[in-house]
Structure formats: C-alpha cells, structure tokens
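Trainee: Here it is, the structure, as structure tokens.
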Amino acid sequence: MSTWLVTGGAGFIGGNFVLDAVHSGVRVINLDALTYAGNLDTLATLTGNPAHVFVKGDIGDRDLLATLFAEHRPDAVINFAAESHVDRSIDGPAAFVQTNVVGTLGLLECARDYWNNLEGPSRDAFRFLHVSTDEVYGSLGDTGKFTETTPYAPNSPYSASKAASDHLVRAFHHTYGLPVLTTNCSNNYGPYQFPEKLIPLIIAKALAGESLPVYGDGRNVRDWLYVGDHCSAIRAVLERGRVGEVYNVGGDAERENIVVVKTICALLDQRRPLADGRARESLIAYVKDRPGHDRRYAIDASKLQRELGWMPSMSFEQGIARTVDWYLDRQAWVNRVLDGSYRLERIGGVA
C-alpha cells in the first residue's frame, strides 16, 4: 500500500482527492490546519478507516512535518495547502504570503531532507507534487490559451503568492534535485466547495431567493473544471508525469460568469421553483468589480492529453447539474460549514 502525505486534505479539492485516494487503496496522512475553508465533515465517510490518518497542523510547522515524515515514511507529498480566494487576498495579503510562500518553503525543505535520506527504489520513486492555479499566468485577451510556457504575470496577491510557491518548487528541483511535479489548474467546481466561491455562493443565495451578486458586467471568462476530473489528472501526473515538468489541467469549458449564474438559476427553477413563481434570473444584481479582476482564463491541457492520455470526462452541463443536485441534497453540510463567520457576502472590495 502506497502512503501519501497530503497537505490541505480537508479543503475542497484536497478533500475530494483524499476521498478518492483512500477509496482506491492508498494510505493517506492528511495534514490540514482547519482554517475556515477546511471541513472534517467532507471526510466523514473515512471515520475509523485506518488508511486515513488526519493530523491537525500547519505546513509551516517544521517540527511536526519532520515527525510525520519520520513516522509515516510517505512515498509522495501532494501539496494542496493554500489560502486560495482572490477576494480574501485583497483584504489580507499577508496570510497568503505566510501560507503559500513561507509554508511551501518549509514543506519543500522538510521533503528535501527526508528524500536525501532515502535509498534505492524508495528514493527513485518519491515525488513532490505541487497543486497550483492558472491565475499565475495573468489575464488573456479574447483569444489564445495558457500553456506551460506562458510567462507568469500574476495580478492579485493570491496569484502572486502562488506564483512564488511555483518558483520555489522549480528551484528545489533544479538546485537540489528534488523530484517535483507541478499542476496549474483552471477554476474548479463540484461537491464540498466552500460557499464563498462563485458557484456554491450563487446556489446558496438563489435557493434562499436572495440577490445574486455578479462582478462588473459579468463577462469575465473562466475555464471550468469539475473537481473529480482534476483529481484524476493529479493522479495521472503523480503516477506518470515527467519529473520537473509542469502540466496544465483544464476542463475545456470556457464560460462567462453571467452564463454560469444564469445556468444555475435555470437548474434551480426546474428543481426548486420560488414560492412566488419568479424566475431566479430576476435576482441577478451587478456589483462593483473587484480590483485587478482578470478578464479571461483558458487552459491548453494538450500536454497532459498528449503525454499522459488524460482528458476531462465531465462536460460543463453535466458537471453543473450534478453540482446543483449535490448541494440540494446536502443542505445540512452547507449549514454546518456556515458557522457564522462567513455570511455569503462578496468580499475583497477594497484595494
């Protein structure tokens, strides 16, 4: 049985990845600080499963990391741990630098020291996979897509902190030989996503019949990636990717934000009509755009397809319908997540 150290494994993408990994026969050491976006409810089905070892802690705690490496002897590290919301990075960039840059540096140093003491096949097989974002590339015009060679041009404190962590991962490979892999993904959606992000936020507010805030003119474009497809891509890169390489992961599903919102409205109108019969599109309210809002992202994932044979299995129409149904069926999970510290507001309104 392989053992993986997964950081941030109680978050949205990390939690989905951990569930899939354990159910496929991997032993997971799950390190998560349980900040507002971390939620053990996501991992409830793993309670009592000896293949899942949860540890509450920070990737910046080097003593804890050294203990985990020594005790559990992982075959790989998959780093999901990050502050990840652009709006929050506008309000408080320091936390993003601390976790995404300083924390990643500590994790890299501990992984390097552990790897240096491995011998034979264990040393050869070890991998450090860093999960990053397409936002490090900046903003696109009306045409073109991000490739693995697109120059970095981050435009928010969040994307700048992720760009810095990407560079550190690259540097540890070229300087120390650490066998690293990096994935840069497009916007994820699906089960267990914290309701500050666009899709679960709109689902929650539309269900309640509340105003649906859309930044600017709503024409910003994102490439949407179903989280299950993202997890399968990470597995493919971890198992077959070339050491030192970067792989872009996209869903081939570009949509304007306003189209996403209207799609959710239509799905909810079909499933849970409002008592007064109004169409939920009437709840859309355009609000002041956030500072530095990138206009368009689009991922060219052809390298991943060409080298590793991966392609997304979920169309946007399939994925968004499945996501809406998941949230409708799990309102108890949503209510437990919303502990009062976050009230479904749009944040990040100050420069």
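The values are calculated or read from the model by the stated rules, or taken from the named source; none is laboratory data. Not measured: the values here are computed from a predicted model. Cβ placement follows ideal geometry from the backbone for every residue including glycine, while neighbour counts extend to all protein chains displayed.
Trainee: What are the residues in the range 241-260 that are closer than 19 Å to Ala285 by Cα and touching a residue at least 60 places away in the same chain (Cβ under 8 Å), if any?
Mentor: Matches in the range 241-260: Arg255, Val260.
Trainee: Right, something else. Please report, ordered by residue number, the strands (runs of 3 or more DSSP E) entirely within the range 1-62 with at least 3 residues that are of a type outside the set (S, T, N, Q), at pLDDT 95 or above and surrounded by fewer than 21 Cβ atoms within 10 Å (Cβ to Cβ).
Mentor: 52-56
Trainee: Among (1) surrounded by 20 or more Cβ atoms within 10 Å (Cβ to Cβ); (2) closer than 20 Å to Asp142 by Cα, there is one condition Val259 misses while meeting the rest; what is its number?
Mentor: (1)
Trainee: A follow-up question, please. Is one or more of the residues making up the range 63-74 farther than 19 Å from Pro157 by Cα and assigned to a loop (DSSP other than H, G, I, E, B)?
Mentor: Keep residues of the range 63-74 that are farther than 19 Å from Pro157 by Cα, which gives 63-74.
This time we only want the ones that are assigned to a loop (DSSP other than H, G, I, E, B), so: 73-74.
Checked the range 63-74: at least one residue is farther than 19 Å from Pro157 by Cα and assigned to a loop (DSSP other than H, G, I, E, B).
Trainee: Here's something else I'd like to know. Out of Phe194, Phe96, Phe146, Phe128, which single residue is closer than 25 Å to Val334 by Cβ and within 18 Å of the chain's Cα centre (by Cα)?
Mentor: From the options Phe194, Phe96, Phe146, Phe128, the qualifying one is Phe194.
Trainee: Take the range 63-90 and flag every residue that is among the charged types (D, E, K, R) and modelled with pLDDT under 95.
Mentor: Glu83, Asp87, Arg88
Trainee: Can you confirm whether the range 313-321 contains a residue that is crowded, with 17+ Cβ neighbours inside 10 Å and either over 23 Å from Asn220 (Cα atoms) or among the charged types (D, E, K, R) (or both)?
Mentor: no
Trainee: Here are some conditions: (1) surrounded by 17 or more Cβ atoms within 10 Å (Cβ to Cβ); (2) in contact with a helix residue (DSSP H, G or I) (Cβ under 8 Å, 6 or more places away or on another chain); (3) β-branched (Val, Ile, Thr). Val243 meets all but one. Which one does it not meet?
Mentor: (1)
Residues are listed down the side, and each one gets a yes or a no for (1) more than 20 Å from Asp20 (Cβ to Cβ); (2) in contact with a helix residue (DSSP H, G or I) (Cβ under 7 Å, 6 or more places away or on another chain):
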position: Tyr158; (1), (2): yes, yes
position: Ala163; (1), (2): yes, yes
position: Cys185; (1), (2): no, yes
position: Phe194; (1), (2): no, yes
position: Ala208; (1), (2): yes, no
position: Leu212; (1), (2): yes, yes
position: Cys231; (1), (2): no, yes
position: Leu238; (1), (2): no, no
position: Tyr247; (1), (2): no, yes
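Trainee: Among what's in the range 27-56 and is hydroxyl-bearing (Ser, Thr, Tyr) and under 20 Å from the mean Cα position of the chain (by Cα), pick the residue that is farthest from Asp75 (Cα to Cα). I'd like the intermediate steps shown before the answer.
Mentor: Restricting attention to the range 27-56, the residues satisfying the condition of being hydroxyl-bearing (Ser, Thr, Tyr) are 35-36, 42, 45, 47.
Then keep just the ones that are under 20 Å from the mean Cα position of the chain (by Cα); that gives 35-36, 42.
Numbers: Thr35: 26, Tyr36: 29, Thr42: 24 Å.
My answer is Tyr36.
Trainee: Within the bounds of the range 208-225, is there any residue that is buried (at least 23 other Cβ atoms within 10 Å of the Cβ), within 21 Å of the chain's Cα centre (by Cα) and among the aliphatic types (A, V, I, L, M)?
Mentor: For the range 208-225, residues buried (at least 23 other Cβ atoms within 10 Å of the Cβ), within 21 Å of the chain's Cα centre (by Cα) and among the aliphatic types (A, V, I, L, M): present.
Trainee: If you go through the range 262-293, how many residues are closer than 17 Å to Pro213 by Cβ, of a type in the set (Gly, Ala, Ser) and surrounded by 14 or more Cβ atoms within 10 Å (Cβ to Cβ)? Give the derivation first.
Mentor: Residues of the range 262-293 that are closer than 17 Å to Pro213 by Cβ, as a first pass: 262-265, 268, 280-291, 293.
Filter once more, keeping what is of a type in the set (Gly, Ala, Ser): 282, 285.
After this cut, where a residue has to be surrounded by 14 or more Cβ atoms within 10 Å (Cβ to Cβ) as well, the list is none.
Going through the range 262-293 one residue at a time, the tally reaches 0.
Trainee: Output the residues belonging to the range 151-165 that are surrounded by fewer than 21 Cβ atoms within 10 Å (Cβ to Cβ), at pLDDT 95 or above and either under 13 Å from Gly244 (Cβ atoms) or not aliphatic (A, V, I, L, M) (or both).
Mentor: Matches in the range 151-165: Pro151, Tyr152.
Trainee: Across the range 63-98, what is the total count of residues that are surrounded by 15 or more Cβ atoms within 10 Å (Cβ to Cβ), under 29 Å from Trp115 (Cα atoms) and of a type outside the set (Gly, Ala, Ser)?
Mentor: Of all residues in the range 63-98, those surrounded by 15 or more Cβ atoms within 10 Å (Cβ to Cβ) come to 64-65, 68-69, 72, 74-90, 93, 95-97.
Adding the requirement that they be under 29 Å from Trp115 (Cα atoms) leaves 64-65, 68-69, 72, 74-84, 95-97.
This time we only want the ones that are of a type outside the set (Gly, Ala, Ser), so: 64-65, 68-69, 72, 74-75, 77-80, 83, 96-97.
Result for the range 63-98: 14.
Trainee: Filter the range 105-133 for residues that are farther than 16 Å from Thr175 by Cα, of a type outside the set (D, E, K, R) and loosely packed, with under 14 Cβ neighbours inside 10 Å and give the result.
Mentor: Asn117, Gly120, Pro121, Ser122, Ala125
Trainee: While we're looking at this one, here's another question. Please specify each residue of the range 166-188 satisfying the condition of being modelled with pLDDT of 95 or more, farther than 20 Å from Leu238 by Cβ and in contact with a strand residue (DSSP E or B) (Cβ under 8 Å, 6 or more places away or on another chain).
Mentor: Across the range 166-188, there are no qualifying residues.
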